[in-house]
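**Student:** What follows is a single structure, and I will ask about it in a moment.
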Amino acid sequence: MIKMVILVIIYTAILVYDVPKLKEWRGRTVFVYTLLMIIALYQSIIFVFDLEWPFLHTVFEAVFGNLANQLVEFLEVP
Amino acid sequence: MKDQQQLSASELCSLFFIFITGSNILSIPSQLIGFAQNGAWLSVLLSLVGGVGLLAGVLFLYQKFPQMNLIEYSRQLVGKWITMILAVPFIFIQLNSTSGIILDVGVFMTTAMMRETPIYVFNLLTFVVVALTVRSGIEKISRMFTILMLTVILFIMVVVILASANYQPEYLVPVLPDGFKPVLLGTYFYFGVPITELILFAMLLPYVRSKENQLLKKGMFLALFVNHIFIAIVTISTIMIFGPVAGEMPFSMFAVARTIEIYEVIQRVELLMGYSLIITNYLKGVISLYILNITIIYLFNIKDNRILIFPLALVCFLFSMLLISLGQAWRINYVTVIEPLWKAVSYVLPLLILIVAAVLRKNRESY
């Protein structure tokens, strides 16, 4: 619950500060800003509800994990 | 979008030194010793060779395009769409690094000082300060940071000197008890994690006044050498105190400082290391978030270069919470095993592609 309250305060503070400025901008600026806020919202859900949904670390672990582990195992001394 | 801020060569070199030395001087030695054992200092020296190569590459491109940052000359060399493709992992790894740097503050506070306080309190407060500092601009950041970093270097040197009473030089030998492989493993980690990040400075070089280019090159190489010397000193100091178990201590310099007790007068100096750890992570976090912000700003041609700072800080804060939610053991494996390879692909590969493209273009023009 406390996590949710903290996040609501953070989102409110950011939006109150940024939205008046965003009105001056259009197109790409609003698009990138919205994209970042959607990513943050997705992460917020994972954070608040302690979910195990994928994010960047999951993707990169899947892509580089095997090769990186093989490299390290090759260089490790038993 | 075009920024009017300017830096002197010495200010940028100072920022460069702070960025590559920053938190690494306190957090890297133990992990490095864990991999390379007594040969850890050899890994540092080997990484220097790679670091010099990368820096030479960054400066070669800067010489070709002195008024442009990495994103801008990438567009000129390989086109808009390839730049976009190369920028995706480049941005993702920056997100990951910025989150990890500030997460270290939280991990340190909750393991060494305030164990009952939730880690998000430290991470959140640090990110608020970091975001506000980034908003103040690169000129102010560079002027403020030099003094803070000098205090950190001073405190670290004080600890290294005071701890010398407990040094046991015999711990330094044998240098290669298990052959050269552990040294290569240490190099994989040390070169992969902090040294490849120097490529990010290709985003800040255009801020330097054009008259000071020669001074800039010398200064950056000097900063790289001094960084490696400091890391090697701290690593050797840690080995001489703890010997083979040094690799198992998460914040080794903090542990080194704890051993200092001279005539019951000089003791509890680990507070200096606590201060240094928080400050260095803050400094590095600010530079990291600043570069992440301008990378996105230039990639999407956004006019207002401050509008994304708060959302980016929020994304990084939440990412740091996701990283720690999987446990510190998972994270150490992630940072030491996966990140070096990920950083090589995300930072070094684009740099190599751009260098090849610049050389090919030069050859084409000369015919």
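The values are calculated or read from the model by the stated rules, or taken from the named source; none is laboratory data. This structure is a prediction, so every number in the text was calculated from the model and none was measured. Cβ atoms come from the backbone with ideal geometry, glycine included; neighbour counts cover every protein chain shown.
**Student:** Taking B:Val193 and the conditions (1) of a type in the set (A, V, I, L, M, F, W, C); (2) within 14 Å of chain A (Cβ to nearest Cβ); (3) not in a helix (DSSP H, G or I), which numbered condition does it fall short on, given that it satisfies the others?
**Tutor:** Failing condition for B:Val193: (3).
**Student:** Failed condition for B:Lys140, given (1) over 25 Å from B:Ser320 (Cα atoms); (2) away from every other protein chain (no Cβ under 14 Å); (3) in contact (Cβ under 8 Å) with a residue 40 or more places away in the chain, with all others met?
**Tutor:** Going through (1) over 25 Å from B:Ser320 (Cα atoms); (2) away from every other protein chain (no Cβ under 14 Å); (3) in contact (Cβ under 8 Å) with a residue 40 or more places away in the chain one by one, B:Lys140 breaks only (3).
**Student:** Report, by residue number, each residue of region B:165-186 that is within 13 Å of another protein chain (Cβ to nearest Cβ) and among the charged types (D, E, K, R).
**Tutor:** Within region B:165-186, B:Asp178, B:Lys181 qualify.
**Student:** Follow-up. Restricted to region B:52-68, and to residues that are modelled with pLDDT under 95 and in contact with a Phe, Trp or Tyr (Cβ under 8 Å, 6 or more places away or on another chain), which residue is surrounded by the most Cβ atoms within 10 Å (Cβ to Cβ)?
**Tutor:** The residue in question is B:Phe65.
**Student:** Looking at B:Ile307, is it of a type in the set (A, V, I, L, M, F, W, C), modelled with pLDDT of 90 or more and not in a helix (DSSP H, G or I)?
**Tutor:** yes
**Student:** Would you tally the residues in region A:3-19 being surrounded by 14 or more Cβ atoms within 10 Å (Cβ to Cβ) and either closer than 20 Å to B:Leu322 by Cβ or touching a Phe, Trp or Tyr at 6+ places or on another chain (Cβ under 8 Å) (or both)?
**Tutor:** Matching residues across region A:3-19 total 7.
**Student:** Please give the helices (runs of 4 or more DSSP H) falling wholly within region B:78-180 in which 3 or more residues are more than 25 Å from A:Ile6 (Cα to Cα).
**Tutor:** Answer list for region B:78-180: B:80-108, B:138-162.
**Student:** May I ask you to verify whether B:Ala313 is surrounded by fewer than 20 Cβ atoms within 10 Å (Cβ to Cβ) and either more than 8 Å from chain A (Cβ to nearest Cβ) or under 17 Å from the mean Cα position of the chain (by Cα) (or both)? Even if it seems obvious, please write down each step before you answer.
**Tutor:** On the way: surrounded by fewer than 20 Cβ atoms within 10 Å (Cβ to Cβ): no; either more than 8 Å from chain A (Cβ to nearest Cβ) or under 17 Å from the mean Cα position of the chain (by Cα) (or both): yes.
For B:Ala313, the condition - surrounded by fewer than 20 Cβ atoms within 10 Å (Cβ to Cβ) and either more than 8 Å from chain A (Cβ to nearest Cβ) or under 17 Å from the mean Cα position of the chain (by Cα) (or both) - is not met.
Per-residue answers, yes or no, for (1) within 17 Å of B:Val356 (Cβ to Cβ); (2) aromatic (Phe, Trp, Tyr); (3) within 14 Å of another protein chain (Cβ to nearest Cβ):
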position: B:Met68; (1), (2), (3): no, no, no
position: B:Glu72; (1), (2), (3): no, no, no
position: B:Leu77; (1), (2), (3): yes, no, no
position: B:Ile91; (1), (2), (3): no, no, yes
position: B:Ser97; (1), (2), (3): no, no, yes
position: B:Asp104; (1), (2), (3): no, no, no
position: B:Val107; (1), (2), (3): no, no, no
position: B:Thr110; (1), (2), (3): no, no, no
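**Student:** Another question, if that's okay. As an exercise: evaluate B:Ile156 against (1) surrounded by 22 or more Cβ atoms within 10 Å (Cβ to Cβ); (2) among the β-branched types (Val, Ile, Thr); (3) within 24 Å of B:Lys217 (Cβ to Cβ) and give the number of the one condition it does not meet.
**Tutor:** (3)
**Student:** Does B:Phe254 qualify as being within 14 Å of chain A (Cβ to nearest Cβ) and in contact with a Phe, Trp or Tyr (Cβ under 9 Å, 6 or more places away or on another chain)? Lay out the reasoning, then the answer.
**Tutor:** Working: within 14 Å of chain A (Cβ to nearest Cβ): no; in contact with a Phe, Trp or Tyr (Cβ under 9 Å, 6 or more places away or on another chain): yes.
For B:Phe254, the condition - within 14 Å of chain A (Cβ to nearest Cβ) and in contact with a Phe, Trp or Tyr (Cβ under 9 Å, 6 or more places away or on another chain) - is not met.
**Student:** I would also like to ask the following. Just the residues that are assigned to a helix (DSSP H, G or I) and more than 21 Å from the chain's Cα centre (by Cα), please, taken from region B:252-266.
**Tutor:** B:Ala255, B:Val256, B:Ala257, B:Arg258 - these are the residues of region B:252-266 that are assigned to a helix (DSSP H, G or I) and more than 21 Å from the chain's Cα centre (by Cα).
**Student:** Provide a single number: the residues in region B:337-365 that are more than 8 Å from chain A (Cβ to nearest Cβ) and either within 26 Å of A:Leu71 (Cβ to Cβ) or touching a Phe, Trp or Tyr at 6+ places or on another chain (Cβ under 6 Å) (or both).
**Tutor:** Number satisfying all stated conditions: 14.
**Student:** Which of the following residues is closer than 29 Å to B:Ile138 by Cα and crowded, with 24+ Cβ neighbours inside 10 Å: B:Ser10, B:Ser43, B:Ser23?
**Tutor:** Every option except B:Ser23 fails the conditions.
**Student:** To continue, here is another question. Can you name every one of the helices (runs of 4 or more DSSP H) wholly within region B:319-367 that holds 2 or more residues which are of a type in the set (S, T, N, Q) and within 24 Å of B:Phe189 (Cβ to Cβ)? Steps first, answer last, please.
**Tutor:** Numbers: elements: B:328-333, B:339-343, B:349-366.
Correct list: B:328-333.
**Student:** Need pairs with beta-carbon distance below 9 Å; first residue under 13 Å from B:Ile25 (Cα atoms) and within region B:143-160, second at pLDDT 90 or above and not in a helix (DSSP H, G or I); sequence gap 6+ or separate chains.
**Tutor:** From region B:143-160, no pairs qualify.
**Student:** While we're on this one: For B:Met240, all conditions in the list (1) part of a helix (DSSP H, G or I); (2) under 23 Å from B:Ser320 (Cα atoms) hold save one; what is the number of the exception?
**Tutor:** (2)
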